[in-house]
Every structure is written in C-alpha cells, then in structure tokens.
Amino acid sequence: MKRWWLTLLCAVIALPSWADNGAAEKRMLGIAGELRCLVCQNESIAASRADLAVDLRQQIREQIQAGKSDAEIRAYMVDRYGDFVLYRTPLKATTLLLWFGPMLLLAFGLLVLATTLRRRKSSVADALLSDDERKRAQALLARTTDNGTEP
C-alpha cells in the first residue's frame, strides 16, 4: 500500500512536467533562437547553457503561458536588455554604424588603396633614368655574360 501512495505522490509531483505543451515549447525555442545570449554572445538563448539563458528561456515560457504574443515577448526582452539581445537589430539612429559601418570601412580601404597605388605610380614615373644613367646601365649590362655573372 505504501508503494501505491508513493507512486501516486510521484505522479502528482511530475504532473506539471507532463502537462507541458509541445507547441508552446516549440514557440519558446523559436523566440529564443532569435535572441542572443548576453553571456555567450555568439549563441542564441535557445542553444546556450549559461544560467542567464536558462532563466531567460523560463521567462519566455512564463510569458507564453500568460498569453503574450511573440512581438510582445521580443519587445519585453529589448526593453530589458537593449537591441543587443536581438540577432536582427532594427535600423534606427543608434544602430546606423552597425548597419553601414562595414560598408564604410570597405569604401575607406578602397580609397586608401587607390591613393597608395596612384602615389606609387607617380613615384615610379619620377624615378625614370636620365640619359647618363641609362648609358651607364647599358654598359653594365653589356659587361655581364648570359649566365648573369660579371666577367
């Protein structure tokens, strides 16, 4: 009889975990997959094993059970942790450098490259040999043999 009561007690304790909704869990993983872990920073909340990520997944579950929409849950996370928590940051005045910074760096690099090549080309043109230097160079070349050694 004690075993029967112990089994019943265990079943009652485990009942909330059996009642988990698979659809709600998929929804939570979908939302958590779009949010960055603030500890790991290269992993989503869904993939991270950090304590904070576990807590954030639990907060998402609680908000889903409270009936909040995906947009409301994301807005809550952004209000609490800032735009950094989003993998796809919105285009705002504060994120312009994030969106256009790589293109600006590329344009700046190409400008530096073009300027450097132009200067190098003009310095090579200025370094042409004078007539005396050309005659001397040809005389040195005439003294060398075909194998490249001097006589």
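Things worth noting here:
- Among the criteria (1) at pLDDT 85 or above; (2) farther than 21 Å from residue 26 by Cβ, the one residue 130 does not fulfil is (1).
- When segment 63-90 is filtered for residues that are of a type outside the set (Gly, Ala, Ser), without any contact (Cβ under 8 Å) to a residue 40 or more places away in the chain and surrounded by 11 or more Cβ atoms within 10 Å (Cβ to Cβ), the ones remaining, listed by number, are 63, 68, 72, 76, 78, 83, 89.
- Filtered by the rule that a residue be charged (D, E, K, R) and not in a helix (DSSP H, G or I), segment 49-102 gives 49, 68, 88, 92.
- Yes/no for residue 61 being of a type in the set (D, E, K, R) and farther than 20 Å from residue 29 by Cα: no
- Filter result (modelled with pLDDT of 95 or more and surrounded by fewer than 10 Cβ atoms within 10 Å (Cβ to Cβ)) within segment 91-111: 103
The values are calculated or read from the model by the stated rules, or taken from the named source; none is laboratory data. Treat the numbers as computed from the prediction; the structure is a model and nothing was measured. When we count neighbours, we look across all protein chains shown, and the Cβ atoms used for this are built from the backbone with ideal geometry, even at glycine.
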